[in-house]
Each structure stands twice: as C-alpha cells, then as structure tokens.
Amino acid sequence: MKKDIQKCSKCGKTFDLDEEGILFNGEYMCDHCKREFTIICNHCGKRVLKTDAVRDWYCNECFDNYYTICEGCGVMFCQDSANYRDDDTLNEYPYCESCYSELDHVIHNYYHKPTPIFYGDDKLYYGCELEVDDAGEDDYNAELILNIANRDYDHIYIKHDGSLEDGFEIVTHPMTLDYHKNIMPWQDVIQKLIRMGYRSHQADTCGLHFHVNKSGLGDTTAEQEEVIGRILYFFEKYWYEILNFSRRTEDQADRWARRYSGSIENPKASLDKAKRAHNGRYMAINLHNPTTVEFRIFRGTLKYITFLASLQFVDELCNDAIALSDEDFEVMTWSDFVSKISKTDKPELIEYLKLHRLYINEEVTSGEEI
C-alpha cells in the first residue's frame with residue numbers, strides 16, 4: 001500500500017498521513033503540531049486553531065454564544081448562570097455566583113477568609129467567632145455592627161452561617177487578650193446587638209468559638225503538640241466542670257462540640273487518641289486547622305462578662321499548658337487550676353466561676369444570659 005507522505009506546514013517534518021497528522025484548513029500538520037496549535041471545542045466538538053479559541057476550551061463562536069468570564073475571579077462559566085450588578089454602568093460585567101455574593105454585601109459567604117491582621121503584642125492571639133440569631137441576616141444590621149467595631153481599625157468581618165436561623169456570625173481578626181478587653185469595643189457591639197433584638201445564648205443555635213495561634217504554643221511542632229496534649233487532657237479530665245462553664249447542654253455539645261472521650265492516662269495519650277479519632281471539626285477542641293487550635297465548647301452569649309470570662313478561661317488554660325509539664329497537669333486538681341487565677345488580671349473570670357459554683361461557693365447575683 002502506497003504511503004501518503006506529507007510535509008507538516010508548521011515544523012517541516014514529513015509524516016504518513018494515514019498513520020498520524022491531519023489536513024486542517026488546507027494545511028498538513030503532524031501529530032505534535034496538531035496538539036500544539038489546535039484544540040477540540042468542548043462545546044461543539046469542532047477542531048479549531050488555538051488562536052481562534054478561548055483558553056483552549058471553546059471555539060470563539062461557542063464562547064460568544066454560551067459562555068462568559070467572571071469579572072471577579074476570572075472563572076469561565078455558562079452565560080445562563082451569570083449575575084450582573086444593579087448599576088447600569090456596570091451591567092456589561094458578569095459575575096459568578098460566589099463573586100456576586102461578595103459584591104456590596106456586608107455579610108460574606110461562609111468561606112470568606114481575609115488575610116489575618118494581628119492586633120496587640122503578645123505570644124498568644126485569639127480570633128473570636130460570635131454567632132447571633134433571631135433578628136435577621138440583614139446587611140443593614142450587619143453594617144451597623146461593622147461601623148461600631150471597625151470605627152478605628154478593621155477589627156471584624158461578618159459571615160453567613162448555615163446553622164443559624166435568622167442571624168449571622170461575627171468574626172474578629174486575631175487579637176491579644178488585652179486588646180480584646182481594652183481596645184476592641186466589645187461592650188458597644190454587644191449592646192447594639194441586644195438593642196436590635198439579637199440573641200445568642202437564648203437562641204439555642206449559637207456558639208462562641210476562640211482560635212488560638214499554634215505558633216504561640218511553642219517554637220516547634222513537637223513543643224506545640226505537647227501543649228495541645230495538655231489542653232486535651234485537661235478537657236477530658238474536667239469535662240463536666242467545663243461543660244458547666246460552657247452553658248451548653250450535653251445534647252448541644254454532642255452536636256456541635258463533642259468531647260474526644262479519649263485517654264486521661266496522660267497528656268500524650270490524650271493527643272494520640274484525638275489524632276486517631278478523625279472526628280471532624282465539631283469537637284470541643286478542633287485540631288483540624290493548620291495554624292490554630294479552635295475552642296468550640298462555649299455556648300453563644302451577649303452578656304459581656306460571660307464573653308470575657310470565656311476568653312480569659314481559654315487564655316488561662318493555654319498559658320498553664322505552656323508553663324507547666326505533663327506531670328504538673330496530671331496532679332493538678334480543678335481547685336488548683338482556679339485558685340491561682342489572678343483576681344487582678346482576670347476578675348471577670350473569677351466572678352463567672354463563682355456564679356457557676358466552680359470556684360468557691362459564694363452567693364453571687366447576676367442577670368440572665370442573652
């Protein structure tokens with residue numbers, strides 16, 4: 001059988017057309033140049049030059065008729081799914097669903113995560129997530145809160161949370177304990193939320209979470225894991241005291257902030273058990289974040305002393321876990337832990353512990369949770 005030998009118009013190589021290559025637009029191309037200079041349109045199936053295609057996926061005709069590119073993120077998607085801003089001067093710019101949800105919306109989607117800004121000067125930084133409910137997932141309300149919290153610096157952002165019925169989640173950038181207490185305008189934020197009708201403790205749907213930076217727990221991964229092991233051990237050993245402190249019911253904890261039910265033999269065993277558990281992030285202490293440890297145990301609150309006492313509790317435990325040894329934690333009782341808390345530095349925590357009969361059984365009066 002006679003071979004059909006042709007010369008590639010692109011590279012000059014000769015080839016047998018019956019075995020490789022194509023005749024395309026009147027020009028012969030070898031297999032290599034066919035792959036180099038042409039594509040098959042993913043929509044209509046026609047072969048076209050890459051110069052007549054968009055991103056090597058679609059021919060220009062199919063792209064013009066059926067597809068577009070998001071102005072926000074540059075992703076290509078179907079025109080039927082495009083969103084446009086209300087401003088007529090910008091209607092020529094299409095946005096995908098994700099980017100459109102971010103435009104001019106105060107309440108961001110659940111996956112919104114800006115580059116963290118660290119406030120204060122210390123080794124431990126705490127990012128707070130406070131969930132509020134019952135008064136609307138409303139951009140206007142959220143903007144009022146932003147105007148208070150961010151009047152001097154970009155302290156917080158606000159996100160949608162699918163676990164809430166009619167509210168939103170307030171997220172802070174990482175701050176030291178001192179910054180949270182003395183500079184971040186938490187009391188003003190909380191009072192505004194209450195006046196607008198939001199609830200947190202009373203809503204039953206809300207949590208209060210704190211993220212602490214792993215880098216503050218130790219200089220190396222091994223040191224950080226030793227500290228985390230001591231924290232886990234303490235939670236297992238004094239679970240019922242901590243559950244009382246958290247104001248969650250056992251059912252709520254089982255759903256949103258479960259205990260590991262791990263070993264209380266020693267801190268290392270507690271960490272090893274938690275690592276092997278693969279229980280996901282809905283744990284009292286979530287270890288799945290690469291740069292932070294998340295304390296999820298606390299029920300939401302719009303009572304300032306409760307908020308601050310919860311943060312001070314986390315700070316006290318983290319600092320103890322850094323300063324003390326495994327052996328110290330194994331012999332430390334709950335009374336040992338609470339008795340050395342500074343009444344000068346953390347009076348709110350002392351008052352809260354007394355209120356919940358976790359310190360000394362003194363009569364303490366306080367208003368209801370909100």
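Before moving on, here are some points about what is shown:
- Scanning segment 138-155 for residues that are open to solvent by less than 40 Å² (accessible area, probe 1.4 Å) and part of a helix (DSSP H, G or I) yields Asn141, Ala142, Ile145, Leu146, Ile148, Ala149.
- Within segment 166-185, restricting attention to residues that are more than 13 Å from the chain's Cα centre (by Cα) and within 19 Å of Arg296 (Cα to Cα), the residue that is most open to solvent (accessible area, probe 1.4 Å) is Leu177.
- Gly12 being open to solvent by 60 Å² or more (accessible area, probe 1.4 Å) and of a type in the set (Gly, Ala, Ser): no
- Lone qualifier among Ile158, Ile231 - being open to solvent by less than 10 Å² (accessible area, probe 1.4 Å), part of a strand (DSSP E or B) and modelled with pLDDT of 95 or more: Ile158
Residue-wise test of (1) more than 18 Å from Thr221 (Cβ to Cβ); (2) open to solvent by less than 30 Å² (accessible area, probe 1.4 Å); (3) of a type in the set (Asp, Glu); (4) at pLDDT 95 or above.
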{"site": "Arg247", "(1), (2), (3), (4)": "yes, yes, no, yes"}
{"site": "Glu250", "(1), (2), (3), (4)": "yes, no, yes, no"}
{"site": "Ile264", "(1), (2), (3), (4)": "yes, no, no, no"}
{"site": "Val293", "(1), (2), (3), (4)": "no, yes, no, yes"}
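The values are calculated or read from the model by the stated rules, or taken from the named source; none is laboratory data. The structure displayed is predicted, hence computed values, not measured ones. No Cβ is skipped: glycine too gets one built from the backbone with ideal geometry, and neighbour counts run over all protein chains shown. Ligands, DNA and RNA are stripped out before the accessible areas are found, and what is left, the full protein with its side chains, is counted by its heavy atoms. Shrake-Rupley method; radii C 1.70, N 1.55, O 1.52, S 1.80 Å.
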